[in-house]
Amino acid sequence: MKRNRIFMAISKLLAVVLLSFSAYACSSPEKNSQDPENPVSVTAETAKFSQISALNHFSGTVKSEHTVELSTKVMGRITQLNVEAGDFARKGDMLVRIKDDNLQAQKNQVEANLSQARSVLQNTETNYNRLKALHEKGSATQKEFDDISTQYEAAKANVTVLNGKLLEIEDMLAYTVLEAPFDGYVVAKRVSQGDMAAPGQPLVSFEQANGMKVEVTVPETEITLFSLNDKVSVDVKAAGRQRLTGVVSSVHPSGNRVSRQFMVEVSLPDMGRSHGLKSGMFAEVGLSSTSDSALTVPKTAVIERGQLTGLYALTDDSEVLLRWVRLGDTIGNQVEILSGLKQGEKYVSSFEAPLREGQKVNVQ
């Protein structure tokens, strides 16, 4: 009997708990949220295609607009080389001097021969003019005039040849002193004082102080985004430079046949010597472009459930249906919809309270 009374008491207690839970469930906000008399207010839009702007990012390398390899076309020993990599030099400053004793000796000899040839030419020209006048008067024979004419032409040719030799030697001498072609920096010193310089051998790499550019490698699928004179944004974080305005100065017409990459050059604005940019620094180039028409919705329309993304579509009876969608790029406050929503369908773009499948809503 005692066990029966205990069992009956427990049964009554469970009945009370179940009745309380049922009453709570019936009065819960979740139940009331489906009350058709108090629908949730939402904002709805119709899905449509539109042109969207995208910011494309490309990696590049900072380089100088003008980089030259200074070399010579004479053979000789380097007698002076007082610069190091990183040194700044003004236009006309001497960077390298090569021994020129042999060329100076040749120049002196040619100059002496040229001086003598000019004296001979002057004397021959005087005799030529005198005999020419006599020949015109009939006082000189034709042979005498022909002989002096031949001597005169030979004297002029000799002077011309010697002038050419002198210019050639002076040109060679010019390559024994290498000067800075513009204001800039020594990038690399490839020889040392005392080394033997050979024709065509690079001695010093030199680059302009101002005028920097960025070389960008672009895949073949995106090269059509670039056109001459396009404005782009450039970030060089290593130099503390961001949002520099660059201009596309060159789009190479031929790409690498193996990597299918094309070279694009972007000129940077002149920022003076203290710009902090150095050749070899990493740069990021941003190019705004207008893509093809895309189906987009506001970010406020997208809901996330774990790894899934979706939105609420609207029926003709103002009921919401959860629609799972696949997202594309995000542009500003718009998100591209790749699948799950079709053009012309209505969807909830924003809502004030949580929604559930099949719930009626009040469209604002």
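Data overview
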| quantity | calculated |
| --- | --- |
| Residues with amide H under 5 Å from that of residue 203, placed H, sequence gap 5 or more | 70, 71 |
| Cross-link reach list, lysines versus residue 156, counting only Cα pairs under 25 Å and skipping chain neighbours closer than eight places | 107, 132, 143, 165 |
| Exceeding the 30 Å Cα-Cα cut-off - candidates 189/237; 231/278; 99/189; 213/299; 99/278; 189/213 | 213/299; 99/278 |
| Prolate/oblate/rounded call for segment 224-300, Cα gyration tensor, a/c under 1.5 rounded | oblate |
| Cα→Cβ-extended label distance, 7 Å offset, between residue 126 and residue 238, nm | 7.2 |
| Simple spin-label estimate for residue 116 and residue 319 in nanometres, 7 Å along Cα-Cβ | 11.8 |
| Length released on extending from residue 87 to residue 345, taking residue separation times 0.36 nm less the Cα-Cα span | 86.2 nm |
| Helical segments meeting 27 Å axial Cα length and Kyte-Doolittle 0.5 threshold in the chain (DSSP H) | 2-26 |
| Dimensions (Å) - segment 73-175, Cα atoms, principal axes, largest first | 77, 25, 17 |
| Label-point gap, in nm, between residue 258 and residue 245 - each point 7 angstrom along Cα→Cβ | 4.0 |
| Summed residue charge, Cβ within 12 Å of residue 350's Cβ, Lys/Arg positive, Asp/Glu negative | -1 |
| Leading residue at positive end of dipole, segment 234-293 (Cβ point charges), from 250, 269, 282 | 282 |
| Placed amide H near residue 281: partners under 5 Å, 5+ positions off or other chain | 62 |
| Relative contact order (percent, whole number), segment 195-272, Cα cutoff 8 Å, 6+ residue spacing | 36 |
| Correct option for Rg/Rh (Cα atoms, Kirkwood Rh) [calculated from the coordinates] among (i) 0.95; (ii) 1.07; (iii) 1.45 | (iii) |
| Modelled FRET efficiency - R0 51 Å, residue 48 with residue 173, Cβ distances, 0.05 increments | 0.10 |
| Cα-based reach from residue 91 at 13 Å (exclusive), listing aspartates and glutamates while leaving out same-chain residues under 8 positions away | 179, 183, 207 |
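We did not get these values from a lab; they are worked out from the coordinates using the rules stated. Computed from a predicted structure; not experimentally measured. Counting neighbours? That spans all protein chains shown, and the Cβs are built from the backbone with ideal geometry, glycine included.
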